[in-house]
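One structure is given below, encoded as structure tokens.
The values are calculated or read from the model by the stated rules, or taken from the named source; none is laboratory data. For clarity, every value in this text was computed on a predicted model and none was experimentally measured. A quick note on method: Cβ atoms are made from the backbone with ideal geometry, for glycine too, and the neighbour counts reach across all protein chains shown.
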Amino acid sequence: MPMTLFFALLSVLMALLSAVSSWAYSRRALVEYLLNRIFAFDSSRLVKVALFLEPDYYARAMRIVPFCLLGVSGALAVLTGLLQLLGADSAAMILPFGLPGLSWHVRLDALSGFFFLVLGMPLIAVSLFGPGYVREFEHKKSLAVLGFFTGLFVAGMEMVLLADDTFFFMIAWELMSVASYFLVAFQHEQPESRRASFLYLLMAEIGALCIILGFGVLVTFAEGFSFGHIRGVALTPLWASVAFALGLAGFGMKAGLMPLHAWLPEAHPAAPSHISALMSGVMLKIAVYGFIRYSFDLLPQVYWQWGVIVMALGAVSAVLGILYALQQQQLKRLLAYSSVENIGIIFLSIGLALVFFSTGQSQSGALALLAALLHSFNHAQFKTLLFLGAGAILHQTHETSLEKMGGLIRRMPKTAALFLAGTLSIASLPPLNGFVSEWLTFQAALQANQLQSGVLRSFVPTAAAMLALTGALSAACFVKVYGIAFLGLPRSPHIAHARELTDRGMLAGLALPAALCIVVGIFPVPLIDGLRRVIENLTGAVLANITAAGWLWLTPAGAETASYSPGLVLAAFLAAGALGYVLLYRIRAVESRRAEPWDCGYGGLNAGMQYTSGAFSMPIRRIFDPVYDLRETLNQETGDSAGWRVTAIRYQFQADDKFVRFLYTPIGRSVTQSAYRLGRIQTGSIRTYLAYSFATLLFLLWVVS
Amino acid sequence: MAWLMAIGQPLLFILIAPLLTGWIKFVKCRLQNRKAPSLLQPYRDLRKLWVKETILPETASWIFSAAPVIVFAAILLAAAIVPLVAVNLPTARIADVFVMVGFFALARTFLVLAGMDIGTAFGGMGASREMTISSMAEPAMLMVVFTLAMSAQTTNLSLAMQYVLDSGLVLRPSFVFALAALMLVAIAETGRIPIDNPATHLELTMIHEAMILEYSGRSLALMEWASQIKLMLYGVLIANMFFPWHIATDFSLEALAEGLLAIVLKLAALSVLLAFSETLLAKMRIFRVQEFLSFAYLLSVLGMLSHIILEVYYG
């Protein structure tokens, strides 16, 4: 067995072991019994075992062990990914599991290797963050359940990446979906969690159904169930389009592409924060992987119409996702909507790649695909960081609402500094990693000049215009998040008394993705070199130019056309910053002193004078009014009978998704109604059922004869 | 020599920017029948602020103290990649025009964060408005850039200017749209009338001033300087992208002198235009701004589409 595949399988095994070890958490007696059986005759070891089985010690160990195993799984996944990106050959084997004659095929190539890397990094961060974070559940909830399903969830995701036949792929996919359902439902004492998890399960299953049907179309025309058979399939354009549409619906639903996203902003905030990080950071990328695998690898040919549809959906998701995110007051919900936005950006790039590949511009197509893959990696990093950061705030203050936060930079300086890295990355500011992928997407869109069709040539830049709008809005959104949560004055007493994280693991869990955001932003070339290999392996297109100018430079289409050197930008920035610093604080510096800020003479600045989160995004709410399902109430209390003197104003708003009201609610209602109508045939009387049976029998006899 | 120019041009930006502000004020005063302050007044203001004591608000965190440095550095970096007196700028290779827009965004982000750091009502107000305006101005700016990059087949500013220079005087409809859009964006992004009024300290209308209200002394000087450089930067972009004639193409002394004279005259002319518009127009209500900016966005997209439809063809 090749080494990379071995590491990958070991990684899956570790995730499963993590699940098993969590299960042992609440079964101390059983573990004690087993250990006693094993070590019964060795008294020196027995002491250690006995120590381990002390209830306090056991609980602590069992809180940490599953996360250690997850961390090992993550490290192995990273190793697998790195080896694949460095040029290891793809490897395949058949596992002795599954149905007779339908054993599980596994295969590891550069694409799945890259997604192992995407999965591994957040997984390590989560396993560092987790032990400290779950402590608050320790006496309230079952950690065994949480850890068990976390392990299964991770194993499911890794198995999806390894699957090389439709059967195994669907098993792994369902394992991932169902395990994450239990994680979303973990805090089931809250009604929102129950509602969110039901919606999630429902949509995940509909999505899985679409994927099964899509595979069904492919398998019907191919000679077998394995991906190897499907790759050579010959399809008419009509059937290919049907298969593509089913795949887009299925994978798009899992990825949270609009309008199939409704579960996402419900489910991600409902789960515990480290699970939200895995769901947003990793699981959505697994859906992206599935879509890329499906459309670039399995489908025999791509058509430009598909690309246009994917681009349009991506652009809509990106713009609406960030517009909805801007109006959220719950931090985790805001982050979830921002995931919809980022998935939109990724799909926009994928659509661009489809357009280019289908029109024969494989160089530009490869560039667009590279932008999509790089953005997947980047989003995995900064979204993990932001969700874990939100988790850190939640853990320290039990607060999720932005409206109550403020001034945390003074109470939690380390968390604030790390969160800032994520904020700047997601706002795609140079020289961080989010900017690199946005820059590459723009460069790919600029290649639209090469397209023959005028319609496509004007469609691509229009999509780029949407992307530009998205970028600017996401900067506004995350500046708001940081400004409201971390800066200013605390808006509630428990925020004012928040304490910095003391758990080193939690801080390390935040620091790892933050460091990656910075390093990949400044030295993206090694990663991009690896991605070139992925794309070459997948599509055969060779991107010769992009890293041709050395390890400091990005030159996507030749040095004359465009070049960017983040390393040198950083150096110049530091030089300019040093100049500014010297000017400001060194040359004959004047003493500075602290004084009260200007409060308009009202005597004492207080937190109520600040802009709130809702107020900050109010202008955007007004400007983009038509996209929101807006409900506002304004209550005024007056001090005198004539109503002249207003003593208190209470303003509340809720800016909801229009899709929910105009798409989901009607569908839900009609399903319920038709269920009622169908229910009428269930009379409960045996005679009616006998009559049904008789009629069916007659019908069948008629059909057979 | 090229690298010497690359270092010299941003320094020139730093030195000339206050003069440009002074000149605009001068022309504006004259147009409004007022007595104008000296052209050197902005320098005097900066010097005065430089020696004054800096007062930090009690609630300020490190973001507040770091912001002036970051804003200044980001704007300076943007200035370093825009050819001022000579094309063939080696630094333009390090960061292309998208990165320049990114630098502006970086500067704006820290300006806004600094505004929100204190916890006053004004900071938040300015921050919210600035982000709203920029979230509509930045896409328009990017689309202008897109149009130019598609025409010139490069996003390298120096090469793009070279391209416009080489192709001579051609009337391109896309450039007309792009120029109009960029002018509107420049007005919005540099906080001029009718979007924002740099002269006002009227509490409910200010945007830029609201964010830097708590700054004093040297920090304020650095912030002001950065915004003056930004104003000049937009002027230079308009002048050199659309009318690059007489910019130096080699580094001989005559060529550089000619380039310098040309850019000074161009900026002076643009400033007169700005002063005229500021004299004729009144500041807009904040909720009219989106119409102004969506018009800019529309113009920029039209520019791009007209480029694609009218100017790109395959023989």
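Just one of the listed residues (B:L106, B:L77, B:L111) is more than 9 Å from every other protein chain (Cβ to nearest Cβ) and either under 24 Å from B:T147 (Cβ atoms) or of a type in the set (A, V, I, L, M) (or both), and it is B:L111. For the range B:183-225, give me each residue that is within 15 Å of B:G115 (Cβ to Cβ) and in contact with a strand residue (DSSP E or B) (Cβ under 9 Å, 6 or more places away or on another chain). B:E214, B:Y215, B:S216, B:S219, B:L220 - these are the residues of the range B:183-225 that are within 15 Å of B:G115 (Cβ to Cβ) and in contact with a strand residue (DSSP E or B) (Cβ under 9 Å, 6 or more places away or on another chain).
Can you go through B:L302, B:L256, B:L293 and tell me which one is crowded, with 21+ Cβ neighbours inside 10 Å, assigned to a helix (DSSP H, G or I), at pLDDT 85 or above and of a type outside the set (F, W, Y)? Spell out the reasoning first.
Working: B:L302 fails: crowded, with 21+ Cβ neighbours inside 10 Å; B:L256 fails: crowded, with 21+ Cβ neighbours inside 10 Å.
Being crowded, with 21+ Cβ neighbours inside 10 Å, assigned to a helix (DSSP H, G or I), at pLDDT 85 or above and of a type outside the set (F, W, Y) holds for just one of B:L302, B:L256, B:L293, which is B:L293.
Check B:W62, B:W50 and return the single one that is within 30 Å of A:L574 (Cα to Cα), modelled with pLDDT under 90 and at the interface with another protein chain (Cβ under 9 Å from one of its Cβ atoms).
Numbers: B:W62 fails: modelled with pLDDT under 90.
Result: B:W50 is the single residue among B:W62, B:W50 that is within 30 Å of A:L574 (Cα to Cα), modelled with pLDDT under 90 and at the interface with another protein chain (Cβ under 9 Å from one of its Cβ atoms).
Taking into account only those residues within the range B:80-103 that are among the aliphatic types (A, V, I, L, M) and not in a helix (DSSP H, G or I), which is nearest to the other protein chains (Cβ to nearest Cβ)? Among those that are among the aliphatic types (A, V, I, L, M) and not in a helix (DSSP H, G or I), it is B:A95.
Among the residues of the range A:449-470, those that are more than 7 Å from chain B (Cβ to nearest Cβ) and closer than 27 Å to A:G389 by Cβ comprise A:L467, A:T470.
Within the range A:168-192, how many residues turn out to be in contact with a helix residue (DSSP H, G or I) (Cβ under 8 Å, 6 or more places away or on another chain) and either surrounded by fewer than 16 Cβ atoms within 10 Å (Cβ to Cβ) or within 19 Å of A:G130 (Cβ to Cβ) (or both)? Explain how you work it out, then say what you get.
If we filter the range A:168-192 for residues that are in contact with a helix residue (DSSP H, G or I) (Cβ under 8 Å, 6 or more places away or on another chain), which is where we start, we get A:168-188, A:190, A:192.
Then drop every residue that is not either surrounded by fewer than 16 Cβ atoms within 10 Å (Cβ to Cβ) or within 19 Å of A:G130 (Cβ to Cβ) (or both), which leaves A:176, A:179-180, A:182-188, A:190, A:192.
Summing the residues that are in contact with a helix residue (DSSP H, G or I) (Cβ under 8 Å, 6 or more places away or on another chain) and either surrounded by fewer than 16 Cβ atoms within 10 Å (Cβ to Cβ) or within 19 Å of A:G130 (Cβ to Cβ) (or both) in the range A:168-192 gives 12.
Report whether or not A:A287 is under 30 Å from A:L385 (Cα atoms) and either surrounded by 21 or more Cβ atoms within 10 Å (Cβ to Cβ) or touching a residue at least 60 places away in the same chain (Cβ under 8 Å) (or both).
yes
Taking the criterion of being within 23 Å of A:K480 (Cα to Cα), at the interface with chain A (Cβ under 8 Å from one of its Cβ atoms), over 21 Å from the mean Cα position of the chain (by Cα) and in contact (Cβ under 8 Å) with a residue 12 or more places away in the chain, would at least one residue in the range B:125-138 satisfy it? Yes, some residue in the range B:125-138 is within 23 Å of A:K480 (Cα to Cα), at the interface with chain A (Cβ under 8 Å from one of its Cβ atoms), over 21 Å from the mean Cα position of the chain (by Cα) and in contact (Cβ under 8 Å) with a residue 12 or more places away in the chain. Count of the range A:589-598 residues, restricted to those that are more than 7 Å from chain B (Cβ to nearest Cβ) and within 43 Å of the chain's Cα centre (by Cα), is 0.
Quick check on my filter: what residues within the range B:274-290 are under 20 Å from A:R621 (Cα atoms), part of a helix (DSSP H, G or I) and of a type in the set (A, V, I, L, M, F, W, C)?
B:I286, B:F287, B:V289
Within the range A:476-491, identify whether any single residue is assigned to a helix (DSSP H, G or I), at the interface with another protein chain (Cβ under 10 Å from one of its Cβ atoms) and free of Cβ contacts under 8 Å to residues at least 12 places away in the same chain, and answer yes or no. No; the residues of the range A:476-491 include none that is assigned to a helix (DSSP H, G or I), at the interface with another protein chain (Cβ under 10 Å from one of its Cβ atoms) and free of Cβ contacts under 8 Å to residues at least 12 places away in the same chain.
Confirm whether B:F287 is surrounded by fewer than 14 Cβ atoms within 10 Å (Cβ to Cβ), of a type in the set (F, W, Y) and at pLDDT below 90. It is true that B:F287 is surrounded by fewer than 14 Cβ atoms within 10 Å (Cβ to Cβ), of a type in the set (F, W, Y) and at pLDDT below 90.
Annotation: of all residues in the range B:262-287 being over 17 Å from B:I24 (Cα atoms) and free of Cβ contacts under 8 Å to residues at least 12 places away in the same chain, the one that is farthest from the other protein chains (Cβ to nearest Cβ) is B:R285.
Specify which of the listed residues (B:L204, B:L169, B:L184, B:L220) is within 18 Å of the chain's Cα centre (by Cα) and either at pLDDT 85 or above or of a type outside the set (F, W, Y) (or both). Even if it seems obvious, please write down each step before you answer.
Details: B:L204 fails: within 18 Å of the chain's Cα centre (by Cα); B:L169 fails: within 18 Å of the chain's Cα centre (by Cα); B:L220 fails: within 18 Å of the chain's Cα centre (by Cα).
Just a single option satisfies the conditions, and that option is B:L184.
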